[in-house]
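Peer 1: Sending over a structure as structure tokens; questions will come in a sec.
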Amino acid sequence: MNQQAIENDAAIAPRTIVVVGATNEVGMEVASVLAGQGHAVRGVARSLGVALDNADALKAAFSGADSAYVMIPFDVTAPDLHRFEDEVSERLA
């Protein structure tokens, strides 16, 4: 993220933002920048106890959130990657 974008975003009132994929390289950077700007960040990742196939955990993570940063994980083991992406999108909708 460039410095101008960071400064512009910092002027926004603090929000609660869900970061899907919060433990991968990009997600950690996004979460770090958002937290540094004063936002409350809720991470979604298996290692955080919020798996994409756990409806209750997802509901809790998204409850009351103002917005979300979503990166659908790339699963090379999925027999049909587009179907997998559609299924994950439906769980998050």
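The values are calculated or read from the model by the stated rules, or taken from the named source; none is laboratory data. These numbers come from a predicted model, not from an experiment. In this analysis, Cβ positions are derived from the backbone assuming ideal geometry, glycine residues included, and neighbour counts consider all displayed protein chains. Side chains included, ligands, DNA and RNA excluded: accessible areas come from the protein's heavy atoms. Shrake-Rupley method; radii C 1.70, N 1.55, O 1.52, S 1.80 Å.
Peer 1: So which of ALA40, ALA55 is aliphatic (A, V, I, L, M) and either in contact with a strand residue (DSSP E or B) (Cβ under 7 Å, 6 or more places away or on another chain) or over 16 Å from GLU87 (Cα atoms) (or both)?
Peer 2: ALA40
Peer 1: Somewhere in region 72-82, is a residue at pLDDT below 95, open to solvent by less than 70 Å² (accessible area, probe 1.4 Å), in a loop (DSSP other than H, G, I, E, B) and among the charged types (D, E, K, R)?
Peer 2: Quick first cut of region 72-82, residues at pLDDT below 95 only: 72-82.
Right, trim to open to solvent by less than 70 Å² (accessible area, probe 1.4 Å) and you get 72-73, 75, 78, 81.
Filter once more, keeping what is in a loop (DSSP other than H, G, I, E, B): 72-73, 75, 78.
In the following step, the residues that additionally are among the charged types (D, E, K, R) were identified as 75.
Within region 72-82 (the criterion being at pLDDT below 95, open to solvent by less than 70 Å² (accessible area, probe 1.4 Å), in a loop (DSSP other than H, G, I, E, B) and among the charged types (D, E, K, R)), the answer is yes, since at least one residue qualifies.
Peer 1: Considering only residues of region 25-70 that are β-branched (Val, Ile, Thr) and outside any helix (DSSP H, G or I), which is surrounded by the most Cβ atoms within 10 Å (Cβ to Cβ)?
Peer 2: VAL44
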